[in-house]
Amino acid sequence: MINISRLEKFYRKKKRLGPVNLHVDKGEIFGLLGPNGAGKSTLLSILATVSSPSAGKVIMKGKDITEETKAVRPLIGYVPQDIALWEEMTVKENMLFWGKMVKRKKSEEQLENLCQAVQLHGKWDEKVSRLSGGMKRKLNLAVSLIHDPEILLLDEPTVGIDLQSKFEINELIQKLARDGKTIIYITHDINEITQLCTRIGVLKNGIFLFTGTLAEAGARLQQHGYTAKNETEIIFHLLKQDYSDHEPTF
Amino acid sequence: MGIYYEKWKQLMRKPVTWLLFLMPIAASVGFGMLFTKQQTELTIPIVIVDEDQSSTSDAVIQGLKSQTGLTVKEMPASAAKKQLLQGEVDSVFIIKKHFQTELRKGKRDGLIELWTSPSSVAAGIVREIAASEIIKQTSAAKAANKVVSLYKQKYEDQGERSEIWQQAYDYTMDQWQPEPLMTIQYKIGSDKRQDTNKEKATLLFSPYLGLWSFFTMLSCFIFSDWAVKERWTIFPRIRASSIGLPAYLSQCAAAHLIIQLIQAGFAFVVFRYLNVINGGIVVFSVMAVFVLFSTVIGLLLAVFHTHAGPFYLTALSTALLFALFGGSFFPAGELFSFIQKLSEMFPQTALAAAENKDRLTDPLVWESVFAMAAVVLISWPLIVWKAGREYD
C-alpha cells in the first residue's frame, strides 16, 4: 500500500530525515517510534502531502505522492498532533465544515453516524471548547475519517487524554485496520505499541534503526547480546541503544 | 463555494466580527464629529491696534472679524504688546496712522505693522488673511480713484467728488463677494501631467473618509488574524485535504472581504446621509477597492507571523503608518515636500481623489486604483506561497 524509497528531507540545508526506506502493507498498523526530534512527524507530514520530500519517492496505492498529489490526497486521512478543530464551533459545525473539504460529500446523517462511531454520543450540538481533551481527540480522528480514506496517518492521536478515551480510540483504530485501512501511527505509549501495532519502526536522527515486528526486535537484541524479559523491555532497549554503528534494517 | 458559506456563517456568529464591522463606521463618525467640532471652534487669537481710527481701518477690522478662523480683539499698542509677550495672542497688527489717506493714494506697503512672537504658529496664515483684506481695500480704493479721475476729466466740477468716490469704492468692494481670492477652484480634467501633480498637492480628505480609511484598514488587518491562529492547527490538515490550502485561503479571504465590503457600503450610506462626504458611486467603488487592498495586505502580514501578539502589534503599526503618510488624519503632504511625494503612493490618495473628482476616469483616481489592484495581484501568490512554505 505504501512504498517509501530513499526518502530524504532537508530543512535549511540541515538533514532532518533519511535516507528512509519502508514498505507498509494494506491493513497493517505500523508504529513509528523514536525520541523527540527523530523525524517521526516530518516523515508523517511528507506522507500526508503537507510537506514535500527533498529526495526519494513515496508511492501510495501505485501513485507517486509528489507527482500525483491531488490523486493521492483522497486516499489519506491525516490526524495532526495538534487538534485541528474550530473551538468556537459545535461538533456538528466542525463536521459540516470539514465535510466541505472533501470531494465525496457526506450527508449530515452520515457525519453524525461517524461521530457515534468514535463514541461521541450526545455531543453533536456541543461546542468543541466545552468538550474534554479525550472527546476533542475523538472528534479530531472522526474528521480524518469523513472521506473514508484507505490510509490513516496518526500523529500521537491519544496524547494527554484519559484512559477511557484512549481505550476507545485504540479499539476504533483496530477496527479500522480490520476493515482494511492501512495505518501509520506515531506514539510514545508502550502499551499502544504492544497492543496495536503489527510492526514497528524505530527512528533516530532521521534514519530507521529498526523496522519489523516486536518478535523480530527481540531476536535482534539477542544477536547483540541483550536479553529482554518482555515486550516493554524490548522497546525500551530499542529506544535506548545506539545502533548507529550497525547497518539499519529495512 | 461551500467553504466560503461555512466560513461566513462561522464569522457571523462571532461577536468580534460585529465589533470589527461596526468599529470603522462608529469610530469615523464619532471622531469625525469631534474633529469637525474642534475645527470650527479652533480660532487664532489676534489683536488689532487701530492708530488711524478711520472708516477704512474700521472696514479692515470688520473684514478680519468676519473671518471664521480668527478671534479679533482691539486694544492699545501697550496692552497688545503685553498680551503677545504673555502668549495670549498669536500676533498683533498695528494699523498705522494715515492708513486711510495712504490707501486712497493707492499705497499698500508699510500701512500695517505686524508683531509676532517666536512661538507664533499661525502668523503666516493670519498675514495672508490680513493681506487679502488689504488687497480688497486697496483695489477698491484704486478703482474708486480711477473713477473720480475719469469723472473729473469728463464732467469737470459736476457733482460731489467724495460721494462719487464712495459709490465707486462700494461698488468695487461688492465685486469681492463671495471673496474670489479665497475660493480658487482646482482646474479639473487637465491633460498635462505637471498640472495633475499640482492638483495632488491640494487634495483634501473629508475627515470622515480619512478616519474611515484608518479604522477600516485596522479592522481588515485584525480580521486577518485567523491566518495566524489557524497556521499550526488547521492549515496542515487543510493542506492534506482534497481541496488544498490555496482554495481554502481564497474562500476564507472572500468571506472576510464580503463582510468588510458590506461595512464599506454601510459606511458610505451613513456618510451620505450625514452629508459629510462629497461624491457618489465613484467614492464607494474606491472604498471597495481600498477594502480589498486592506484585506489582502492584512493577510500578507498574517502569513508572515507565527504568533498573534506580534501580529497585532505589526497590524496596528502598519495601519498607523499608512494613515499618517497617506493623510488619513491630516494632509501629510503639506508638512514636507518629500512626504508629499510619498503620500501620493499611498492608497488614501485614491479615496481623496475620488472624493474631489468623483470621476473614475480621472487619472488621479484610476492610477491609484490600478496601483492598489496591482499590489493585490502581486501579494496573493506571495500569501499562498508563504502559507504553504511553512511546512516545507
Problem set entry | Accessible area of the protein assembly as shown divided out per residue, in Å², using a probe of 1.4 angstrom | 48 Å²
Exercise. Let a ≥ b ≥ c be the square roots of the eigenvalues of the Cα gyration tensor of segment A:74-124; is it rounded (a/c under 1.5), or, if not, prolate (a/b larger than b/c) or oblate?
Worked result: rounded
For this session: Quick one: which residues, 5 or more positions from residue A:207 or on another chain, have an amide H under 5 Å from its amide H? H modelled 1.01 Å from N in the peptide plane, none for Pro or chain starts.
Result: A:18
Exercise. Considering only Cα-Cα distances, which of the following residue pairs are longer than 19 Å: B:97/B:146; A:138/B:386; B:81/B:107; A:70/A:92; A:127/B:9; A:92/B:9?
Worked result: B:97/B:146; A:138/B:386; B:81/B:107; A:70/A:92
Exercise. Using +1 on the beta carbon of Lys and Arg, -1 on that of Asp and Glu, and nothing else charged, what's the dipole of the protein assembly as shown about the Cα centre, debye to 20?
Worked result: 1300 debye
Problem set entry | Where labels lie 7 Å past Cα in the beta-carbon direction, separation of residue B:88 and residue B:242 in nm | 8.3 nm
For this session: Name the residues whose placed amide hydrogens come within less than 5 Å of the amide hydrogen of residue A:152, ignoring near sequence neighbours (fewer than 5 apart) on the same chain.
Result: A:77, A:182, A:183, A:184
Exercise. What value, in deg cm²/dmol to 500, does the helix sum -39500 (n - 2.57) over DSSP H runs of n ≥ 4 give at 222 nm once divided by the residues of the protein assembly as shown?
Worked result: -17500 deg cm²/dmol
Problem set entry | Between B and A, accessible area buried - total, square angstrom, nearest 100, 1.4 angstrom probe | 2300 Å²
Exercise. For the modelled label position 7 Å from the Cα of residue A:11 along Cα-to-Cβ, which residues of segment B:233-250 have backbone nitrogen atoms closer than 19 Å?
Worked result: B:233-240
Exercise. In whole percent, how big is the carbon plus sulfur part of the accessible area of segment A:179-232, probe 1.4 Å, protein atoms only?
Worked result: 44 percent
Seminar exercise, completed: Averaged over the residues of B:226-239, the number of partner chain Cβ atoms within 10 Å of each residue's own Cβ comes to 5
Exercise. On full extension of the chain, what length is gained from residue A:240 through residue A:213, given 0.36 nm per residue of separation minus the C-alpha to C-alpha distance?
Worked result: 8.0 nm
Seminar exercise, completed: With the full set of protein chains present, the residues of segment A:94-114 whose 1.4 Å probe accessible area falls by 50 Å² or more relative to the chain alone are A:97, A:98, A:100, A:101
Exercise. For the charge dipole of segment A:2-240, defined by +1 on Lys and Arg C-beta atoms and -1 on Asp and Glu C-beta atoms about the Cα centroid, which residue among A:62, A:139, A:30 has the Cα displaced farthest towards the positive pole?
Worked result: A:62
For this session: Ignore the peptide's own chain and count Cβ atoms of other chains within 10 Å of each Cβ in B:3-11; give me the average, rounded.
Result: 3
Problem set entry | Solvent-accessible area, 1.4 Å probe, carbon plus sulfur percent, for segment A:16-72 | 51 percent
Problem set entry | Cα-projected label distance for residue A:229 with residue A:163, points at 7 Å along beta-carbon direction, nm | 2.1 nm
Seminar exercise, completed: Under 5 Å from the placed amide H of residue B:346, counting only residues 5+ away or on other chains, we find none
Seminar exercise, completed: Output ordering of B:297-305, B:313-321, A:179-187 (per-residue mean of other Cβ within 10 Å, highest first) is B:297-305, A:179-187, B:313-321
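The values are calculated or read from the model by the stated rules, or taken from the named source; none is laboratory data. Bear in mind that the values here come from a model prediction, so they are computed numbers and not experimental data. Ideal geometry is used to build each Cβ from the backbone, glycine not excepted, and the neighbour counts take in all protein chains shown. We work out accessible area using only protein heavy atoms, side chains counted, and drop any ligands, DNA or RNA first. Shrake-Rupley method; radii C 1.70, N 1.55, O 1.52, S 1.80 Å.
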